[in-house]
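Reading through the C-alpha cells given below for one structure.
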Amino acid sequence: MEVPYRLKKAFLNLLLTISSIYFYTVRFCFWFVNHFFRERVYVTPPTDRLLMISASQAVRMIAKKEISSTALVESYIRRIEQVNNTINAVVVKCFESARQLANEVDTFYALADEEDIQKQLQEKPLFGVPFTMKDALEVENEIITCGIFNRKDVKCDRTAEAILRLKAAGGILLAVTNVPEVCMWVESVNTVYGRSKNPYDARRMTGGSSGGEGALLGAAGSVIGVGSDIGGSIRMPAFFNGIFGLKPTPGVIPLIGHVPEPTGYKTHMLRIGPMCRFAEDLPLMLRIMAGENARSLNLHEPVEGRKLKIYYMEGITGSPIIQPLEDEMRYALKRAVNFLERKYDIVAQRIELPSAKHVMEYFTLSMHEDTTDPAFNKLMLCTKGTKGEVNCYTELFKYLTGNSIHTLSGIIAGIIDSRDPPFSASHTKDLLYKRDRLKRQVKELLGNDGILLFPSWPCTAMFHNEPILAPFNFCYTALWNVLSVPVVQCPLGLDSRGLPLGVQVIGNQYTDRNLIAIAQVLEEGFNGWTPAGPL
C-alpha cells in the first residue's frame with residue numbers, strides 16, 4: 001500500500017524539525033563549554049610589510065630589486081616561528097634549502113642585465129617567492145605522511161608534478177603543512193603531528209584536509225600554498241581561515257604524486273589547486289601548475305561581468321542529516337549577490353536543485369565507482385611494502401583506552417568504508433541516473449557565462465571535535481566534487497565572533513577565468529583576507 005504524499009511530507013517535516021533541534025542543541029552545548037571555560041586565543045596581525053604583499057607583487061619587486069628574495073623568505077620564516085605554536089600548522093620545515101635558493105635568486109639579480117631578467121621572468125614567473133603545501137603531495141627526500149602514522153619515517157623518492165612545476169617556475173618550497181589521517185576528515189588532526197588550530201580562534205577547527213595550509217595562510221605564515229580537494233579539502237580550510245581557494249576544472253592540473261593517488265570516478269572529483277591570501281595570485285598559480293593545459297582555460301581573456309548570468313542557492317534543503325543554514329551565512333551570501341547585482345547592473349536569479357538533498361548518497365556512490373583503491377583500513381597502513389589492514393574494531397577499543405595510533409575519525413571511517421558496493425544494483429542505477437541528470441542540469445543552466453553563488457558551509461568554523469556530531473556538513477562542498485565542476489572559495493570579511501565568512505562561486509568546466517574574475521571583484525568589495533583581531 002502506497003503511503004499518501006501528504007503523510008510523507010508531514011513525516012519529512014517532522015524529521016527536519018527534530019534534526020534542526022539536534023543541530024542547534026549541539027551548537028549551543030559546544031558554545032557554552034568553550035565560551036565559559038576556555039579563553040579565545042588568536043594570531044595577532046603581522047607587522048612586517050613583506051608579509052602584506054601578494055606573490056605577484058613580490059615577483060615584480062624582487063625583479064626591480066626593491067626587495068630581496070632572502071628578505072622575503074626570512075620574513076616568512078620568522079612569521080612561521082611566531083605563529084606555529086598557536087596554530088600547529090607546519091609539520092616539515094624546509095628553511096635551510098629555502099635560504100639557499102633565495103640566495104641564488106639574489107645572486108642572479110645582482111649580476112643580470114634587464115634582458116636576462118625579462119627572459120628569466122618569462123621562464124620562471126614565480127622566481128624567488130616562497131610557497132607552502134599540504135602533507136599529501138610527494139617531495140623527493142622529504143617525509144610526506146598524509147597524516148598516516150605508519151608513514152612518519154618514510155621519505156619520498158619522487159616529487160608531485162604540480163610541485164615540480166612550481167619549483168621549475170622559480171618557487172621556493174618553504175614548509176609542509178598538517179592534514180587529517182589519510183586526508184579524509186574535516187578537522188586536520190592526526191597522531192603524527194597533532195591537531196591544527198584556527199588562527200582566528202584556536203578553540204576552533206581549521207578544516208580539512210588542507211587545514212594546516214589554510215591555517216598557515218590565514219595567519220600570514222605563507223603567501224601562496226598548494227592544497228587538494230576531493231570533498232571540499234581546499235574550500236573548507238580556505239573558508240574557515242579567511243582566504244581564497246580554487247578547485248579547478250578536472251584534468252587541468254595533474255594528480256601525479258598525490259598521496260593517495262585516486263582511481264575510478266575519484267579522478268573526476270579530486271583536484272590539486274591553489275590557496276592564497278590575494279586573489280591576483282590565483283591565475284598565476286593556476287597557469288604554472290596547469291602547464292600546457294592552461295591554454296584550454298583562456299585565462300588571459302578578459303571577463304565582461306555585465307554579460308555574466310548570476311544564480312544563487314540558499315544551501316541544501318530537505319535533508320535531515322545536514323545542519324540548516326545559519327543566519328549569518330545566509331546574510332553573507334545575500335550581501336555577495338547584492339554586491340554583484342549593483343556592480344554589474346544585473347539581476348541575480350535564485351534557484352533550487354531539489355535532488356541536491358541526495359548529495360551524501362551521490363558522494364558515497366562516486367567514491368566507490370570504478371575504483372581500485374584499497375579500502376580505508378588498508379590506506380591506514382599506507383607504507384611501501386606493507387600488507388594487511390587495520391582492525392578498526394580493535395583500534396576503537398585501543399582509542400578508548402588511549403593506546404591507538406589512529407584518530408577517532410579515521411577509525412570510524414575504516415569501520416564504515418569497504419570495497420563492497422554501498423548500495424544494491426537497482427539503487428545504484430537510480431542514483432547514477434539522478435547524479436548524472438543533476439550534472440546535466442547544472443551544465444545546461446550555467447553554460448559558458450553563468451556562475452552560481454552557494455554558501456561555503458552551513459555555519460562558520462566549529463569548535464574542535466564538534467564536527468563528529470555533525471559529520472555531513474561537508475556536503476556543502478562535496479556536492480560540487482560529485483558534479484566535477486570548478487569552484488572558488490572567496491572570503492567575505494568576519495562575523496560577529498571574529499570568524500571568517502565566505503561564499504563559493506561555481507562555474508562550468510573550463511570557465512575558471514570567470515570564477516577568478518568574480519573572486520577578484522569580491523575581494524574589492526569585501527576587502528579579501530582580513531587578519532584576526534580582538535572582538
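The values are calculated or read from the model by the stated rules, or taken from the named source; none is laboratory data. Everything quoted here is computed from the prediction, not taken from an experiment. Ideal geometry is used to build each Cβ from the backbone, glycine not excepted, and the neighbour counts take in all protein chains shown. Protein only, heavy atoms only, side chains kept; ligands, DNA and RNA dropped before computing areas. Shrake-Rupley method; radii C 1.70, N 1.55, O 1.52, S 1.80 Å.
Quote the FRET efficiency, to the nearest 0.05, computed for K343 versus Q122 with a Förster distance R0 of 56 Å and r equal to the Cβ-Cβ distance. Working shown, then result.
On the way: r = 34 Å, r/R0 = 0.60.
That pair, K343 with Q122, gives E of 0.95.
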Notebook entry, point to check: Using the Kirkwood radius built from alpha carbon pairs, what does the Stokes-Einstein equation give as D for the chain at 20 °C and 1.002 mPa s, in µm² per second?
Noted result: 91 µm²/s
Checklist line | From phi via Karplus (6.51, -1.76, 1.60), per-residue ³J(HN,Hα) for the stretch 48-56 in Hz, x at Gly/Pro | finding: 7, 4, 5, 7, 10, 10, 6, 5, 4
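In terms of the Cα gyration tensor, with a ≥ b ≥ c the square roots of its eigenvalues, is the stretch 143-204 rounded because a/c is under 1.5, prolate because a/b exceeds b/c, or oblate?
Working: a/c = 2.61, a/b = 1.42, b/c = 1.84.
Since a/c reaches 1.5 but b/c is at least a/b, the shape of the stretch 143-204 is classed as oblate.
How much length would be gained if the chain were fully extended between Y24 and K9, taking 0.36 nm per residue of separation minus their Cα-Cα distance, in nm to one decimal? Present the calculation step by step, with values, prior to reporting the outcome.
Working: separation 15, 0.36 × 15 = 5.40 nm, distance 2.24 nm.
Stretched fully, the Y24-K9 segment lengthens by 3.2 nm.
Taking 8 Å as the Cα distance limit and 6 or more residues as the minimum spacing, I'd like the relative contact order of the stretch 210-325 as a percentage. Could the numbers behind the result be given before it?
Details: 149 pairs, mean separation 28.0, N = 116.
Across the stretch 210-325, relative contact order equals 24 percent.
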Next item on the list: Quickly rank 95-103, 522-530, 499-507 as a protection proxy: mean count of other C-beta atoms within 10 Å, highest first.
Entry: 499-507, 522-530, 95-103
Notebook entry, point to check: Can you give the calculated 222 nm mean residue ellipticity of the chain, where each DSSP H run of n ≥ 4 adds -39,500 (n - 2.57) and the sum is split over every residue, rounded to the nearest 500 deg cm²/dmol?
Noted result: -13000 deg cm²/dmol
Next item on the list: Considering only protein heavy atoms, with the full assembly of protein chains and a 1.4 angstrom probe, order K152, K429 by accessible area, largest first.
Entry: K429, K152
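Rounded, prolate or oblate: which fits the stretch 384-449 when a ≥ b ≥ c are the square roots of the eigenvalues of the alpha-carbon gyration tensor, with rounded for a/c under 1.5 and prolate only if a/b beats b/c?
Working: a/c = 3.11, a/b = 2.40, b/c = 1.29.
Prolate.
Below 8 Å between Cα atoms, with a sequence gap of 6+, how large is the relative contact order for the stretch 78-171 in percent? Let's see the in-between values first.
Values: 77 pairs, mean separation 22.1, N = 94.
Relative contact order, the stretch 78-171: 23 percent.
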Next item on the list: Give a residue-ordered list of calculated ³J(HN,Hα) values for the stretch 349-354 (Karplus: 6.51 cos²θ - 1.76 cosθ + 1.60, θ = phi - 60°; whole Hz; x for Gly, Pro).
Entry: 10, 7, 10, 10, 10, x
Next item on the list: May I ask you to list the trypsin sites (Lys or Arg not before Pro) in the stretch 30-95 that are in a DSSP loop and have at most 12 other Cβ atoms within 10 Å of their Cβ?
Entry: K64, K65
Next item on the list: For the stretch 475-525 and the stretch 236-258, write down the distance between their C-alpha centroids in whole Å.
Entry: 11 Å
Check: Under a 5 Å amide H to amide H cut-off, with H placed in plane at 1.01 Å, what residues pair with L501 once short-range neighbours are removed?
Finding: L492, G493, L494, D495
Margin query: Given axes a ≥ b ≥ c from the Cα gyration tensor, I'd like to know whether the stretch 198-298 is rounded (a/c under 1.5), prolate (a/b larger than b/c) or oblate.
Written below: oblate
Note to self: How long are the semi-axes of the equivalent ellipsoid of the stretch 285-338, taking √(5λ) for every eigenvalue λ of the Cα gyration tensor, in whole Å from largest down?
What the structure shows: 33, 17, 10
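With all pairs of different alpha carbon atoms counted, what Kirkwood hydrodynamic radius in Å does the stretch 24-71 show? Please report the intermediate quantities before stating the final value.
Working: mean 1/r = 0.0692 Å⁻¹.
Answer for the stretch 24-71: a Kirkwood hydrodynamic radius of 14.4 Å.
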Checklist line | Simple spin-label estimate for E96 and R350 in nanometres, 7 Å along Cα-Cβ | finding: 6.0 nm
Next item on the list: Taking all protein chains together and a probe of 1.4 Å, list T317, T159 from the most accessible to the least accessible.
Entry: T317, T159
Item checked: On Cα atoms only, tilt of 327-344 relative to the major axis of the chain in degrees -> 60 degrees
Checklist line | DSSP-defined antiparallel bridges as percent of all bridges, the chain, nearest 5 | finding: 70 percent
Item checked: Karplus-derived 3J(HN,Hα), 6.51/-1.76/1.60, for each residue of the stretch 227-234, Hz, glycine and proline x -> x, 9, 8, 10, x, x, 6, 8
Item checked: F108 accessible area, assembled protein chains, probe 1.4 Å, Å² -> 60 Å²
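Take every Cα-Cα pair in the stretch 46-186 and report what % of them are more than 26 Å apart. The partial results should precede the final answer.
Values: 2809 of 9870 pairs.
Distances greater than 26 Å cover 28 percent of the Cα pairs.
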Note to self: Please compute the length gained on full extension between L535 and K443, using 0.36 nm multiplied by the number of residues separating them and subtracting their Cα-Cα distance.
What the structure shows: 28.9 nm
Margin query: Could you sort F149, F32 by their accessible area in this structure, using a 1.4 Å probe and putting the largest first?
Written below: F32, F149
Check: Want the number for D327 to L432: 0.36 nm per residue separation, take away the alpha-carbon distance, what's left?
Finding: 34.5 nm
Checklist line | Accessible area per residue, Å², the chain with all protein chains present, probe 1.4 Å | finding: 41 Å²
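Please state, as a whole number in µm²/s, the translational diffusion coefficient that the Stokes-Einstein equation yields for the stretch 454-535 at 20 °C and 1.002 mPa s, with Rh defined as the Kirkwood radius across alpha carbon pairs. Don't skip to the end; give the middle numbers.
Working: Rh = 14.1 Å.
After rounding, the answer is 152 µm²/s.
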Checklist line | Relative contact order %, the stretch 111-235, counting alpha carbon pairs below 8 Å whose residues are six or more apart | finding: 24 percent
Check: Taking amide hydrogens as modeled 1.01 Å from N in the peptide plane, which residues meet the under 5 Å criterion relative to D449, leaving out close sequence neighbours?
Finding: none
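Send over the Kirkwood Rh of the stretch 260-381, from the inverse of the averaged 1/r over different Cα pairs, rounded to one decimal Å.
Values: mean 1/r = 0.0539 Å⁻¹.
Result for the stretch 260-381 stands at 18.5 Å.
Tell me the carbon and sulfur percent of the accessible area for the chain, rounded to whole percent, probe radius 1.4 Å. Don't skip to the answer; put the middle values down first.
Numbers: 11970 of 22000 Å².
Carbon and sulfur atoms account for 54 percent of the accessible area of the chain.
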